[in-house]
1. Could you grab me the full set of residues in segment 203-237 that are under 19 Å from residue 82 (Cβ atoms), assigned to a loop (DSSP other than H, G, I, E, B) and near the ligand (Cβ under 9 Å from one of its atoms)?
2. Checking the structure you have, find out if any residue of segment 280-292 is crowded, with 17+ Cβ neighbours inside 10 Å and outside any helix (DSSP H, G or I).
3. Check 259, 269 and return the single one that is more than 17 Å from the chain's Cα centre (by Cα) and away from the ligand (no atom under 16 Å from the Cβ).
4. From the set of residues in segment 238-255 that are surrounded by 22 or more Cβ atoms within 10 Å (Cβ to Cβ) and over 17 Å from residue 76 (Cβ atoms), which is nearest to the ligand (Cβ to nearest atom)?
5. Looking at the structure I just gave you, is residue 292 over 19 Å from the mean Cα position of the chain (by Cα), without any contact (Cβ under 8 Å) to a residue 60 or more places away in the chain and closer than 23 Å to residue 314 by Cβ?
6. Condition first: without any contact (Cβ under 8 Å) to a residue 12 or more places away in the chain and over 16 Å from residue 214 (Cβ atoms). Now tell me which residues in segment 64-92 satisfy that.
7. Going by the structure shown, is residue 300 touching a strand residue (DSSP E or B) at 6+ places or on another chain (Cβ under 9 Å), at pLDDT 95 or above, more than 10 Å from the ligand (Cβ to nearest atom) and assigned to a strand (DSSP E or B)?
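The values are calculated or read from the model by the stated rules, or taken from the named source; none is laboratory data. All of these numbers come straight from a predicted model, not from anything done at the bench. All Cβ positions, even for glycine, are placed from backbone atoms using ideal geometry, and neighbour counts span all protein chains on display.
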Ligand code: ASP
């Protein structure tokens, strides 16, 4: 079993040729809190402020670690854990319900320098799925663990296990009732079409050593079938990081993001076609996914600190702190990124 510290030190050593001194290299972070039918008319000023405040808090927490020269993974995990703890977002507390009325959580983490990655899928009792993904990445020889096995592994590594009800919220229960009623009246059990509740969280960073890191955590989709796994824990679909191109975290209708290999496709287009981060991201979100009905968006960052955050849904919760240290928070409008 690998030890976290050893792995971090090792990755820093093996990457020494790519490392650029912290003072010469900007650090930056982008986070998302999900995409979907997010319409301004459905928000009170108080609710909008609550979302923006939590997004800012998460981005700042991650950025502060990056500024201190901490590894990108730490920043990604810190930002995501704030969102996993907030009932506003569909990850950890506030996760959506399965058809049966439980929470089944997915998460993943990837380092763009080492290509090391970890994921957990369909876990019900791990308080912080992103911490479990990190444990799989650093403390096991595997990339993905699922269900009870993942929970047993997390317990062995000293992570906190909780009752599934700790993730309950009244708001998500109401969503479950509505979605079930709609599906039942349309005879659509298991069909997620028209399910507007996207709220996955994710973070991508450029750290002071020039490494790109991505992470994603989710409760999946409301009224999902037992055992259903979305794109969020699938390396290449919901999460991808490669120091030679970019780091991406996705949110949206997971089945489409898996079929179109969205996160890796964006980075691969950059790597082999020489396109910019913005071009690659826009092409996949608007030209590839949109025509086939794949609703959602992504956040992405490259090694120059360029940022992209396109979405083809009505809105996407997001925040960024760029290489100049400037914080921006967005929900409804696309960011103008040149
Ligand atoms: N992508 C997630 C899934 O399909 C859902 C989301 O982003 O809200 O599980």
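1. Across segment 203-237, the qualifying residues are 219, 232.
2. no
3. 269
4. Step by step, filter segment 238-255, then rank; the result is 254.
5. yes
6. If the condition is that a residue be without any contact (Cβ under 8 Å) to a residue 12 or more places away in the chain and over 16 Å from residue 214 (Cβ atoms), then 64, 68, 85 are the ones that fit.
7. In short, yes.
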